[in-house]
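Visitor: Pasting in a structure now, in structure tokens, and then I'll have a few things to ask.
The values are calculated or read from the model by the stated rules, or taken from the named source; none is laboratory data. None of the values given here were measured: they were computed from a predicted structure. Backbone-built Cβ (ideal geometry, glycine too); neighbour counts: all protein chains shown.
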Amino acid sequence: MSKKVRVRFAPSPTGGLHLGGVRTVLYNYLFAKNNGGDFILRIEDTDQSRYVSGAEQYIFDCLKWAGLEPDESPVHGGDYGPYRQSERKEMYRQYAEQLIKDGYAYYAFDTPEDLEKMRRDLKTADNPSPQYDKTVRMKLRNSISLLPDETQQLLAEGIRHVIRIKMPDNETVSFTDMIRGDVHFDTSIVDDKVLLKADGMPTYHLAVVVDDHLMKITHAFRGEEWLPSAPVHILLWKYLFGLRNMPQWAHFPLILGPNGKLSKRDGAKYGFPVFAMNWTDPKTNELTEGFKEKGFLPEAFINLLALLGWNDGTEQEIFSKEELIKKFSIDRVHSGGAKFDYEKAKWFNHEWIKKSEAGSLKTEVRGLLEGKGISVGGDSLLEKVIVLVKDRCTFLTDFYDQCYFFFQSPATIDTGAIQPKWDEKKKLFFIELIRLYELASVWQHDDLEIAFKELAAANQLKPGELMLPFRIMLVGGKFGPGVFDIASILGNEETISRIKKTLTLL
RNA sequence: GGCCCGUUCGUCUAAGGGUUAGGACACCACCCUUUCACGGUGGUGAUACGAGUUCGAAUCUCGUACGGGCUACCA
């Protein structure tokens with residue numbers, strides 16, 4: 001029986017879900033779906049002091065918005081739960097104890113002060129970050145340096161301790177990364193990582209291995225920042241469950257900001273979103289605008305993220321989620337980091353708005369307009385308006401400026417743009433135009449334009465000189481779709497009323 | 001410092017030994033449009049450097065440089 005593909009993502013609810021995180025989810029999701037498998041979401045709430053209340057819900061909200069909902073998670077349930085690490089706490093100790101029994105790990109009783117002292121004492125220019133490894137192991141207080149009786153004594157007394165992996169001396173750990181090929185590490189330069197913390201919670205190193213085994217994960221994908229700790233995980237698999245049962249690994253390249261690794265602060269610094277949705281830092285109370293609130297379509301968001309480090313080998317750039325699922329392949333994920341380009345991100349959104357049907361945009365646009373106190377009325381007018389203006393909207397939020405004047409008269413009229421070239425002759429033209437339009441039996445784009453131009457010719461005026469004033473009368477300024485499109489949608493009465501109103505201001 | 005990963009136009013990338021090194025974003029010019037966009041046409045612009053292997057290297061190998069990551073009882 002072949003094993004179904006199961007991939008997992010394990011965010012930590014300590015900060016917002018930023019671009020790198022969402023892209024990791026996306027690639028996990030696409031790979032799972034492409035192979036008919038399941039996408040599992042596990043929550044890494046191991047360190048309660050860093051846990052941010054509400055952050056877990058935030059993660060689910062972001063995934064829901066982006067259309068990347070997991071098949072198994074703390075809220076969706078599943079056969080391999082619980083999916084929240086704090087609820088799995090008891091499982092980890094037995095594996096850690098097993099490692100000690102087999103000689104692959106040991107108890108360490110050093111206090112944070114001891115460790116700090118060790119690091120301070122050993123720190124030199126040549127070795128700025130001393131590690132807890134075989135060179136210092138015997139000088140510290142642990143079950144290797146201590147006599148067995150002493151260790152038992154300390155344990156019996158309930159002295160706070162951690163469990164550390166005992167890195168072997170001169171071994172080479174190798175594994176095949178799905179996007180990088182074979183990677184090798186010399187174990188003698190890797191330190192004795194903590195596996196189980198003094199509070200009994202596992203570190204990521206232990207948890208990821210135990211959970212991946214228990215949850216029958218077949219593929220473990222994560223960011224490149226995890227590559228250096230891969231040897232710890234490989235060794236743990238070897239000691240605990242056997243290498244042949246280990247999932248396949250893939251380490252995705254990082255997403256870079258304008259200056260190195262994309263940081264959460266880059267958003268404020270360079271004026272673009274870095275979080276999927278609005279994120280309020282619980283410490284500073286600082287609000288960072290998300291892609292959703294900025295006016296991105298979720299389809300555009302996952303599209304631009306997918307293409308940041310992957311392509312299907314053709315020149316196609318616009319992909320729906322279904323196409324991405326169908327065409328995604330891990331072999332075509334790049335190994336080099338990609339710098340995030342906000343201009344290109346905007347282009348993706350613009351493309352998606354242009355290709356979206358009015359029907360699928362109307363709910364968002366209605367919400368936007370009504371949120372600003374504009375009564376939109378029925379769908380048919382709204383859809384007509386959306387069709388007319390969507391090509392000129394980069395963000396969903398642009399719809400407000402582009403179409404609010406269809407639903408209420410412009411708040412201000414830029415008469416200053418009319419006045420310099422305004423004269424009695426033009427005024428008479430518009431007075432005659434009003435009379436002409438009042439008598440109009442049909443109210444359609446072409447008829448309005450013909451009538452307008454014929455009247456201009458009769459008055460020996462160039463239509464061009466009259467179009468701008470007309471536009472400003474209708475929308476308040478130098479923007480918007482074609483004037484006769486606007487007039488035809490506005491209707492006879494409203495068009496005439498706006499001309500009259502502006503005439504009184506000039 | 002050590003270890004690991006990476007390096008094609010400004011940016012995202014195509015080209016798995018033989019192409020005038022292709023596309024997209026951005027930028028520039030022109031066309032369309034008597035607003036602003038959309039759209040159309042064209043243009044500027046890249047294989048980090050040095051060796052080697054080969055008839056032939058962006059592509060394979062080595063070295064150098066540069067960039068990034070990790071080096072916590074964080075993930």
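Visitor: Quick check on A:LEU455: is it more than 8 Å from RNA strand B (Cβ to nearest atom) and farther than 28 Å from A:LYS390 by Cβ?
Guide: Working: more than 8 Å from RNA strand B (Cβ to nearest atom): yes; farther than 28 Å from A:LYS390 by Cβ: yes.
Yes, satisfied.
Visitor: With the checklist (1) buried (at least 19 other Cβ atoms within 10 Å of the Cβ); (2) under 30 Å from A:SER174 (Cα atoms); (3) away from RNA strand B (no atom under 16 Å from the Cβ); (4) not aromatic (Phe, Trp, Tyr) in hand, flag the one item A:ILE255 doesn't pass.
Guide: The number of the failed condition is (3).
Visitor: Can you tell me which condition A:TYR51 does not meet? The list is (1) free of Cβ contacts under 8 Å to residues at least 60 places away in the same chain; (2) in a loop (DSSP other than H, G, I, E, B); (3) surrounded by fewer than 16 Cβ atoms within 10 Å (Cβ to Cβ), and all the others hold.
Guide: Result: A:TYR51 passes all but (3).
Visitor: Looking at segment A:205-257, which of its residues are within 26 Å of the chain's Cα centre (by Cα) and of a type in the set (Lys, Arg)?
Guide: A:ARG222
Visitor: Could you identify the single residue in A:LYS4, A:LYS33, A:LYS64 that is outside any helix (DSSP H, G or I) and more than 12 Å from RNA strand B (Cβ to nearest atom)? Break it down stepwise before answering.
Guide: Numbers: A:LYS33 fails: outside any helix (DSSP H, G or I); A:LYS64 fails: outside any helix (DSSP H, G or I).
Selected residue: A:LYS4, the only one of A:LYS4, A:LYS33, A:LYS64 that is outside any helix (DSSP H, G or I) and more than 12 Å from RNA strand B (Cβ to nearest atom).
Visitor: Looking only at strands (runs of 3 or more DSSP E) that fall completely inside segment A:137-201, which ones have 3 or more residues that are touching a Phe, Trp or Tyr at 6+ places or on another chain (Cβ under 7 Å)?
Guide: On the way: elements: A:162-165, A:172-177, A:181-186, A:194-196.
Where strands (runs of 3 or more DSSP E) fall fully within segment A:137-201 and carry at least 3 residues being touching a Phe, Trp or Tyr at 6+ places or on another chain (Cβ under 7 Å), they are A:162-165, A:172-177.
Visitor: Here's another thing I want to ask about it. Which numbered condition trips up A:ILE431, out of (1) of a type in the set (Val, Ile, Thr); (2) over 30 Å from A:GLY295 (Cα atoms); (3) within 12 Å of RNA strand B (Cβ to nearest atom)?
Guide: (3)
Visitor: Follow-up question, since we're still on this one. Failed condition for A:THR46, given (1) under 18 Å from A:GLY16 (Cβ atoms); (2) surrounded by 20 or more Cβ atoms within 10 Å (Cβ to Cβ); (3) touching a helix residue (DSSP H, G or I) at 6+ places or on another chain (Cβ under 9 Å), with all others met?
Guide: (1)
Visitor: It is to be established whether one or more residues within segment A:332-350 are away from RNA strand B (no atom under 12 Å from the Cβ), polar (S, T, N, Q) and surrounded by fewer than 15 Cβ atoms within 10 Å (Cβ to Cβ). I'd like the intermediate steps shown before the answer.
Guide: Filtering segment A:332-350 for residues away from RNA strand B (no atom under 12 Å from the Cβ) gives none.
Scanning segment A:332-350 turns up no residue that is away from RNA strand B (no atom under 12 Å from the Cβ), polar (S, T, N, Q) and surrounded by fewer than 15 Cβ atoms within 10 Å (Cβ to Cβ).
Visitor: Take A:GLN57 and decide whether it is surrounded by fewer than 20 Cβ atoms within 10 Å (Cβ to Cβ), polar (S, T, N, Q) and either within 16 Å of RNA strand B (Cβ to nearest atom) or within 22 Å of the chain's Cα centre (by Cα) (or both).
Guide: For A:GLN57, the condition - surrounded by fewer than 20 Cβ atoms within 10 Å (Cβ to Cβ), polar (S, T, N, Q) and either within 16 Å of RNA strand B (Cβ to nearest atom) or within 22 Å of the chain's Cα centre (by Cα) (or both) - is met.
Visitor: Moving on to the next point. Is at least one residue of segment A:269-290 among the hydroxyl-bearing types (Ser, Thr, Tyr), surrounded by fewer than 18 Cβ atoms within 10 Å (Cβ to Cβ) and out of contact with any Gly (no Cβ under 9 Å at 6 or more places or on another chain)?
Guide: Let us first name the residues in segment A:269-290 that are among the hydroxyl-bearing types (Ser, Thr, Tyr), namely A:270, A:280, A:284, A:288.
If we keep only those that are surrounded by fewer than 18 Cβ atoms within 10 Å (Cβ to Cβ) too, we end up with A:270, A:280, A:284.
If we keep only those that are out of contact with any Gly (no Cβ under 9 Å at 6 or more places or on another chain) too, we end up with A:284.
The answer is yes; a qualifying residue exists.
Here is a yes/no grid of residues against (1) surrounded by 19 or more Cβ atoms within 10 Å (Cβ to Cβ); (2) without any contact (Cβ under 8 Å) to a residue 40 or more places away in the chain:
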| residue | (1), (2) |
| --- | --- |
| A:ASP414 | no, no |
| A:PRO463 | no, yes |
| A:GLY476 | yes, no |
| A:ASN492 | no, no |
| A:THR502 | yes, no |
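Visitor: Let me ask something additional. How many residues does segment A:402-453 contain that are assigned to a loop (DSSP other than H, G, I, E, B), closer than 17 Å to A:GLY476 by Cα and not β-branched (Val, Ile, Thr)? Spell out the reasoning first.
Guide: Initially, segment A:402-453 is screened for residues assigned to a loop (DSSP other than H, G, I, E, B), giving A:407-414, A:418, A:422-423, A:440-444.
Right, trim to closer than 17 Å to A:GLY476 by Cα and you get A:407-414, A:418, A:422.
If we keep only those that are not β-branched (Val, Ile, Thr) as well, we get A:407-411, A:414, A:422.
Total satisfying the criteria: 7.
Visitor: Same structure, new question: Do the conditions hold for A:VAL209, that is, is it in contact (Cβ under 8 Å) with a residue 12 or more places away in the chain, within 19 Å of A:HIS251 (Cβ to Cβ), among the aliphatic types (A, V, I, L, M) and not in a strand (DSSP E or B)? Steps first, answer last, please.
Guide: Values: in contact (Cβ under 8 Å) with a residue 12 or more places away in the chain: yes; within 19 Å of A:HIS251 (Cβ to Cβ): yes; among the aliphatic types (A, V, I, L, M): yes; not in a strand (DSSP E or B): yes.
Judged against the criteria, A:VAL209 is a match.
Visitor: Hey, another quick one. Can you find, within segment A:79-111, the residue that is nearest to RNA strand B (Cβ to nearest atom) among those that are at pLDDT 95 or above and of a type in the set (Gly, Ala, Ser)?
Guide: Going through the qualifying residues, I end up with A:ALA108.
Visitor: State whether the residues of segment A:315-323 include one that is in contact with a Pro (Cβ under 7 Å, 6 or more places away or on another chain) and in a loop (DSSP other than H, G, I, E, B).
Guide: no
Visitor: Only one of these is within 24 Å of A:VAL25 (Cβ to Cβ), more than 9 Å from RNA strand B (Cβ to nearest atom) and without any contact (Cβ under 8 Å) to a residue 24 or more places away in the chain: A:GLY242, A:GLY267, A:GLY260. Name it.
Guide: Values: A:GLY242 fails: within 24 Å of A:VAL25 (Cβ to Cβ); A:GLY260 fails: more than 9 Å from RNA strand B (Cβ to nearest atom).
When all the criteria are applied, what remains is A:GLY267.
Visitor: To continue, here is another question. Can you find even one residue in segment A:316-329 that is surrounded by fewer than 22 Cβ atoms within 10 Å (Cβ to Cβ), among the hydroxyl-bearing types (Ser, Thr, Tyr), more than 16 Å from RNA strand B (Cβ to nearest atom) and at pLDDT 95 or above?
Guide: Yes, that holds for at least one residue.
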